[in-house]
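Here's the structure we're looking at; comments come further down.
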């Protein structure tokens, strides 16, 4: 494909979108999704690999931050936003920075078997790895607070990680509350206190962790797999730390309506989002995940046009 980035910009302009979270541009004709973790690639890795990694971590924040340069991080973020302002054709950038929402998915480094086994066998070691990563992410969050002010950006950010499967959390709630969630709180505290609205992403059945996510300071949700029983209306009945209804970044389903439904099915799905948010209040509509070659363009167009006609706000 020639000039893929320019093509993506034109496509979103043709859809008449107001804002975009991020671009995922496929580079191969048969590429369906990004971020796929294939367990076979981690064959031979044992849970002790995480224990060894934890034992090599320095024993102080000062040592962990050795070599961290806030100025360099600021320049990187500034360049990121400047590029969006200059080349996105007026489309508002609502960024997603995965390094800000927590570092749960060590399975991308060690595989699911070794990671989940380590959570059971060496919980303190797993937490230590999360802690070390979170120390640097907390400093990046402080930098982002200043960048948001400096550049007058929309005070919203998309982040979070997949810590649930279709059956619920991958680890016990006790483990998450003791070992994981405190590291997330440490990262996002500067952004929460500055008023940047954080939208939490997590696929799977998130219902058991919703209250925990809200208590951390997140102000909205994305990543709904409706087939798990996740209900937008139920989420909207809850309150954030700021005594407000959670924002909903709802997605047209890339596993049901978009690839296999009709245009009317997609419109009906949009109507459901609209009803469940009392007329589109606090609703941001896009696709539930990366839409691939299996999604007819007509369904995408129908969904975005219908959302525009409903005047979702």
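Just give me the residues in the stretch 78-104 being part of a helix (DSSP H, G or I) and under 12 Å from the mean Cα position of the chain (by Cα), in sequence order. Matches in the stretch 78-104: 98, 99, 100. When 282, 292, 251 are checked against the criterion of being on the phi > 0 side of the Ramachandran plot and within 20 Å of the chain's Cα centre (by Cα), 282 stands alone in meeting it.
A count restricted to the stretch 47-77 and to residues that are touching a residue at least 12 places away in the same chain (Cβ under 8 Å), loosely packed, with under 15 Cβ neighbours inside 10 Å and either assigned to a loop (DSSP other than H, G, I, E, B) or within 23 Å of the chain's Cα centre (by Cα) (or both) stands at 2.
Starting from residues that are in contact with a helix residue (DSSP H, G or I) (Cβ under 8 Å, 6 or more places away or on another chain) and part of a strand (DSSP E or B), keep the ones in the stretch 179-221 and report whichever is modelled with the highest pLDDT. Filtering first and then ranking leaves 198. Scanning the stretch 226-261 for residues that are assigned to a helix (DSSP H, G or I) and under 16 Å from residue 280 (Cβ atoms) yields 232, 233, 235, 236. If you go through the stretch 151-177 and keep only what is in a helix (DSSP H, G or I) and either under 15 Å from the mean Cα position of the chain (by Cα) or without any contact (Cβ under 8 Å) to a residue 12 or more places away in the chain (or both), you end up with just 174.
I'd like the residue in the stretch 31-46 that is assigned to a helix (DSSP H, G or I) and either at pLDDT 95 or above or in contact with a helix residue (DSSP H, G or I) (Cβ under 8 Å, 6 or more places away or on another chain) (or both) and, out of all such residues, is surrounded by the most Cβ atoms within 10 Å (Cβ to Cβ). This residue is 42. Look at the stretch 187-205: where a residue is at positive phi and free of Cβ contacts under 8 Å to residues at least 60 places away in the same chain and a partner is in a helix (DSSP H, G or I) and surrounded by fewer than 20 Cβ atoms within 10 Å (Cβ to Cβ), sitting 6+ places away or on another chain with Cβ atoms under 9 Å, you get 204/228. Quick check: anything in the stretch 235-254 closer than 22 Å to residue 165 by Cα and out of contact with any strand residue (DSSP E or B) (no Cβ under 9 Å at 6 or more places or on another chain)? Scanning the stretch 235-254, I find no residue that is closer than 22 Å to residue 165 by Cα and out of contact with any strand residue (DSSP E or B) (no Cβ under 9 Å at 6 or more places or on another chain), so the answer is no.
From the list 147, 129, 187, exactly one residue is within 26 Å of residue 284 (Cβ to Cβ) and more than 19 Å from the chain's Cα centre (by Cα). Which is it? Please lay out each step first, then the result.
Details: 129 fails: within 26 Å of residue 284 (Cβ to Cβ); 187 fails: more than 19 Å from the chain's Cα centre (by Cα).
Being within 26 Å of residue 284 (Cβ to Cβ) and more than 19 Å from the chain's Cα centre (by Cα) holds for just one of 147, 129, 187, which is 147.
Taking the stretch 110-122, which residues are farther than 24 Å from residue 222 by Cβ and either crowded, with 16+ Cβ neighbours inside 10 Å or under 20 Å from the mean Cα position of the chain (by Cα) (or both)? Those that are farther than 24 Å from residue 222 by Cβ and either crowded, with 16+ Cβ neighbours inside 10 Å or under 20 Å from the mean Cα position of the chain (by Cα) (or both): 110, 111, 114, 116, 117, 118, 119, 122.
Do we have any residue at all in the stretch 263-283 that's outside any helix (DSSP H, G or I) and over 17 Å from residue 236 (Cβ atoms)? No, the stretch 263-283 has no match at all. Of all the numbered requirements in (1) within 20 Å of residue 175 (Cα to Cα); (2) surrounded by fewer than 21 Cβ atoms within 10 Å (Cβ to Cβ), residue 189 misses one, and that requirement is (1). Could you please let me know if residue 307 is modelled with pLDDT under 95, more than 17 Å from the chain's Cα centre (by Cα) and part of a helix (DSSP H, G or I)? When the stated conditions are applied, residue 307 passes them. Residue check: is residue 87 over 21 Å from residue 217 (Cβ atoms) and free of Cβ contacts under 8 Å to residues at least 12 places away in the same chain? Spelling it out, it is not the case that residue 87 is over 21 Å from residue 217 (Cβ atoms) and free of Cβ contacts under 8 Å to residues at least 12 places away in the same chain.
The values are calculated or read from the model by the stated rules, or taken from the named source; none is laboratory data. Worth saying up front: this structure is predicted, and the values here are computed from it rather than measured. Glycine gets a Cβ as well: all are built from the backbone with ideal geometry, and neighbour counts include every protein chain shown.
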